[in-house]
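Here the structure comes first, spelled out in structure tokens, and everything after it is commentary.
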Amino acid sequence: MISLVIALIIILVALSAGLVMFRKRVSMVHRDDHALVSKMAHDIRTPMSVIKTSCEIILMNPSLEASTKAKMDDIIGELDKISAILAKASQDLKK
């Protein structure tokens, strides 16, 4: 009976050590995912900022046709949606 208890204790210690290693690996993957998403978000935001600024400069033209203005507003709106998606993805990984 004592040898069975000792065997169970050894198994529990091994399981515990395995769980600790698993938790460390999950933590590393989570950290790596966060770093990847952060880098991708930064790399995507840079050209988005250039596009948005260009659209805003175009919108300053007082002789701009209404259809062009509408297209620029649509582009800016879509860029804002993408920015919100990137921000949410970054926030979700921080949880």
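With (1) under 25 Å from residue 82 (Cβ atoms); (2) of a type in the set (Ser, Thr, Tyr); (3) modelled with pLDDT under 80 as the list, and residue 54 as the residue in question, which single condition is left unmet?
Among (1) under 25 Å from residue 82 (Cβ atoms); (2) of a type in the set (Ser, Thr, Tyr); (3) modelled with pLDDT under 80, the lone unmet condition for residue 54 is (3).
Test residue 47 against the stated conditions and say whether it is assigned to a loop (DSSP other than H, G, I, E, B) and not polar (S, T, N, Q).
Considered against the rule, which asks whether it is assigned to a loop (DSSP other than H, G, I, E, B) and not polar (S, T, N, Q), residue 47 comes out as no.
Hey, any hits in the range 74-93 for a residue that's touching a His at 6+ places or on another chain (Cβ under 9 Å), exposed (fewer than 11 other Cβ atoms within 10 Å of the Cβ), outside any loop (DSSP other than H, G, I, E, B) and touching a residue at least 60 places away in the same chain (Cβ under 8 Å)?
No, the range 74-93 contains no residue that is touching a His at 6+ places or on another chain (Cβ under 9 Å), exposed (fewer than 11 other Cβ atoms within 10 Å of the Cβ), outside any loop (DSSP other than H, G, I, E, B) and touching a residue at least 60 places away in the same chain (Cβ under 8 Å).
Can you pull out every residue in the range 57-72 that is surrounded by 12 or more Cβ atoms within 10 Å (Cβ to Cβ) and part of a helix (DSSP H, G or I)?
Passing the criteria: 58, 59, 68, 69, 71, 72.
The values are calculated or read from the model by the stated rules, or taken from the named source; none is laboratory data. Being a predicted model, the structure only gives us computed values, none of them experimental. Cβ: placed from backbone, ideal geometry, glycine included. Neighbour counts: every protein chain shown.
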